[in-house]
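Data first, discussion second: the structure below is written as structure tokens.
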Amino acid sequence: MANYRANKRAALFLLIIISLAACRTNKTPAPIVGSISDNQIKLEVAQDGMYRVSLADLQAAGLAIDNPDSASLALSQAGHPIPFTIHNDDLIFYGQAPTSRYTAVRPYILALGDGGVIMAETAVSSPSVTVSQLPQTLHLEENHRYLPQARQDAQSDVWYWQSLGQAQKIVLTIDLAAVSPQPAVLRLHLRGTTNNPAVEPDHDFDLILNGQKIDTIRWDGETLHTSETAVPANLLQTGPNELILDNEVEGASPLDIMDLNWVELDYIAPATAVNDRLQFSQTDGGVTLNGFSGPPLLFDISDPAAPQRLTAAPDDGQIQLTVAPETTITAIGPRGYLSPRIVPMRQSDWHNPDNQADLIILAADEFIPALAPLVAARQEQGLTAAAIPIAEIYDEFAYGAATPTAIQTFVAYAYQNWQEPRPRYLLLVGDATTDYRNYLGTAPPNPLPSLMVPVEFSGETVSDARLADVDGDMKPDAAVGRWPVSTVEEVASLVERTLAYERGTAVNRTLFAADNTENQFAVIANRLVDQSGLPAANNQLLTGAQADEVAAAWNKGAWLAAYIGHGSVERWGKEDIFYPEAVAGLTAAEPPIVLQLTCLTGLFAHPQLTSLSETMLLHQQGPVLIIAAASLTLSGYQEPFARNLLQALQDPANTRIGDALQQAKQSLDIENSNGLREISDTFGLLGDPSALIVRP
């Protein structure tokens, strides 16, 4: 990266930060959006394959280069050198699909002047005997169903293709550009959803290929299963092949539900290029390649991180070569290369230990100017604040990868290396989704990702708190809050409403609403009021109220409002205690701090639903400080957290909402209770953690 002090904007920002740390001046610097690097670019790839970038592409991206070569260019991925070759002034490299669940692309960094690694070249001999057919593998997978409960560990695949229930069938088309009339092998990967202890096996269905039953797939329980079926010779055909997973015939279990993950086919095909590409593995012997639009280039990609270029002389327009055992070869004609997405690299210096900030705000570029009034207000109150474009964090701390681990790495670095006082508050400005690769097409336009963590009842969920876990003890070391926004207007509104809340006067009243489907919820409410020291005379408890009653009590004014009971992403209670349409009825001039002791109403990252907390937060007269859960948790674990939080909110030593939240979370014995660990992970703040607490 270019030196930070060579960048005038960055140098100015550093000077301001140092002066703020020294004297706590009230002067407000303009938010800095970092500059673009003039000697690095990102080449983003989405799938495995050979990629080509022309000299004109590099020049258009801003690189000052006349002739690409190993002396002037260096290619790397996640800090590791990547070999490349130059052919007709084109840069060619092997790119790999991302393995991180958090991003749909893998970034490769191309830099000027460092001297890169050119692919080794190996001449291949022409064989005496060759074959004209090769084994091929076709992998088919679509991701339409998010099943967080399928998580077994951090590497689990939780995205599935289709559900297959009793009396149902799945019809798929396997399209083959060419196929030889030889036996094949078909594999399916599935997950059992139901389990009947009285029946074994639980799951069975017929597998029908081109009208012929070739197998009955059977397995038991809520388990993963990979089937393998022999396909008779001559059954596959060039073009479309119909594959049916037929569960219409009643099986052993009356309730049989499963999910299909992927289908894979091993078959034999002519050694002819498709789309000017041909990839194959051969245990031994020679092969003749044909069907290319022009002379292909050959690459040994047996080690994808260290591919080699192979040279072979064409014979009458065909390529003949000997393939060593256990070797994977890809042959690419002139039209067969993939094109990476070229993205500028950001230039910044957040590794500089002279930086300091009490409040770190991360946001998309377009949101940074709208945050200026908030930054100014915090600095007037004596906090240093840094509004940082999230793109800079990705590029400086994660080699360009847009993942939540980049945020976690950055926060840990700032906490451990910046000038004291250490960062106390982290505000994430942007929406998130559990559909990181946008399979459903509903991803927010300016995402700011959250970490996925395991939870007992639903497999996994998001945790912003873990982004601020500096020492790995699973507790946040700074208070975290989020504004799940998608537009500049939403950012500006929350800035204005948060500062207006701080200027307001608290109403000396608290409001608790309890679900009446179980008596324990009202009991917990009364116990919390008593044990936390809230004046009972100033508290109103609504038990089993409807939405209009809740809104009416809310609008009378309260500095704190809480709900205790069952809940879902969009609702309080199994009935209609409160729900999105009722939010429009909230008109209190002084909105309360809202605590929701229920499940899922804080799940801001649902790919298809807007949580009740988000709806309240973005309502013009709604609350600006909301604490809610992004998961399913039990009241027995929620209660100690709530009691400690209510006490902390009343403690004059805690001037800001983040201080109270941190005190409550630090009190949890997560080392000896996985349930309390989940409370710490998943009860989050939708709001600014540096916001002042307005008390009576």
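Points to keep in mind about this one:
- Note on Glu671 and Asp175: the extension gain reaches 173.3 nm, defined as 0.36 nm multiplied by sequence separation minus the Cα-Cα distance.
- Pairs of alpha carbons in the range 455-536 whose separation is greater than 18 Å (percent): 72 percent
- Computed over the chain: relative contact order in percent, which uses C-alpha pairs under 8 Å that are six or more apart: 12 percent
- Per-residue ellipticity at 222 nm, computed for the chain from helices alone with -39500 (n - 2.57) per DSSP H run of at least four residues, works out to -6000 deg cm²/dmol.
- FRET E, pair Ser100, Ala537, Förster distance 56 Å, beta-carbon r, rounded to 0.05: 0.55
- Largest first, the three principal axis extents of the alpha carbons in the chain are 96, 71, 41 Å in whole numbers.
- When the alpha carbon coordinates of the range 125-165 are projected onto the principal axes, the ranges are 55, 26, 14 Å, largest first.
- Bridge type composition, the range 314-443 - antiparallel percent by DSSP, nearest 5: 15 percent
- As an equivalent ellipsoid, the range 498-686 spans semi-axes of 21, 19, 17 angstrom, where each value is the square root of five times an eigenvalue of the C-alpha gyration tensor, largest first.
- Sorting Ile319, Ile217 by the number of Cβ atoms found within 10 Å of their own Cβ, with the fewest placed first, yields Ile217, Ile319.
- Pairs of Cα atoms nearer than 8 Å and 6+ residues apart set the relative contact order; for the range 133-270 it is 42 percent.
- Cα gyration tensor, the range 408-507 - rounded (a/c under 1.5), prolate or oblate: oblate
- Charge dipole magnitude, Cβ of K and R +1, D and E -1 - the chain, Cα centre, debye nearest 20: 2120 debye
- Packing-based exposure ordering (other Cβ within 10 Å, fewest first) of Met474, Met616: Met474, Met616
- Exposure proxy order (Cβ contacts within 10 Å, fewest to most) of Lys213, Lys475: Lys213, Lys475
- Both numbers refer to the Cα atoms of the range 133-270; Rg and Dmax are 15.4, 49 Å.
- Descending by average beta-carbon neighbour count within 10 Å, the peptides 59-68, 80-89 line up as 80-89, 59-68, the highest first.
- Other residues whose C-beta falls under 9 angstrom from the C-beta of Gln546 contribute a net charge of -4, scoring Lys and Arg +1 and Asp and Glu -1.
Since every read-out is calculated from the coordinates, none of them should be taken as a lab result. All of these numbers come straight from a predicted model, not from anything done at the bench. All Cβ positions, glycine included, derive from the backbone under ideal geometry; neighbour counts span all protein chains shown.
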